[in-house]
């Protein structure tokens, strides 16, 4: 089964609040985004958004230039239905982040919660970092949330890679200046706890 089919099946078979990564509000992500933009207009891309509500909350905070990318058409369709007319003000992309063709230097903020830790092959990590370097403007910011060192070793039946701040930042290289990091204990809908590690970088 290829990756896209695997995720289509996951989003088709489960409601948004039936997946382990579900969280009603992405408070940590929103705080980092607001820190990165400091009230300025910004182009934001949310990578691997799934059916998360970040795309609902960003317009409520005045952000109007939003791109949502996900590998699953089902997840994108669910978001568009939930947003209604508001979905017309969002640019939607259905693709694998390691393969998609993104516009060069089109974004001020790159946000990813819970995609990078699924990239277990070095070639996929390298492809992801190339996409970030290509798509984010100099002076922009990158926010990546992945499973921390005490996080799970598998998610949705798939192997994952756990990271601390040093190892996660190390995947990106010296062009990305680490501005901050934080850990978050995420309570899953099933009553378990997952440790997430967020890194916040500036692009030089």
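Each value in this text was obtained by applying a stated rule to the coordinates, not by laboratory testing. This one's a predicted model, so the numbers in the text were calculated from it and none came from an experiment. When we count neighbours, we look across all protein chains shown, and the Cβ atoms used for this are built from the backbone with ideal geometry, even at glycine.
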*From the C-alpha gyration tensor of the chain, pull out the three semi-axes of the equivalent ellipsoid (sqrt of 5λ each), sorted largest to smallest, in whole Å.*
22, 21, 17
*asked:* How much length would be gained if the chain were fully extended between residue 150 and residue 137, taking 0.36 nm per residue of separation minus their Cα-Cα distance, in nm to one decimal?
replied: 1.4 nm
*asked:* If you restrict to DSSP beta bridges whose two residues both lie in segment 3-203, what percentage is antiparallel, to the nearest 5?
replied: 50
*What ranking of 68, 55 emerges when the number of other C-beta atoms within 10 Å of each C-beta is taken as an exposure proxy, fewest first?*
55, 68
*Sort 160-166, 109-115, 196-202 for me by packing, meaning the mean count of neighbouring Cβ atoms within 10 Å per residue, highest on top.*
109-115, 196-202, 160-166
*asked:* I need the peptides 135-143, 116-124 ranked by packing, meaning the mean over residues of other C-beta atoms within 10 angstrom, with the highest value on top.
replied: 135-143, 116-124
*Sort segment 22-120 into rounded, prolate or oblate with this rule: let a ≥ b ≥ c be the square roots of the eigenvalues of the Cα gyration tensor; rounded if a/c is under 1.5, and if a/c is not under 1.5, prolate when a/b is larger than b/c, oblate otherwise.*
rounded
_the chain, helix-only ellipticity at 222 nm - DSSP H runs n ≥ 4, -39,500 (n - 2.57), divided by all residues, nearest 500_ = -8500 deg cm²/dmol
*asked:* Cβ neighbours within 10 Å, averaged per peptide: list 185-192, 94-101 in order, most packed at the top.
replied: 94-101, 185-192
*Given 0.36 nm per residue, what is the gain on full extension from residue 159 to residue 183 after removing their alpha carbon distance, in nm?*
6.6 nm
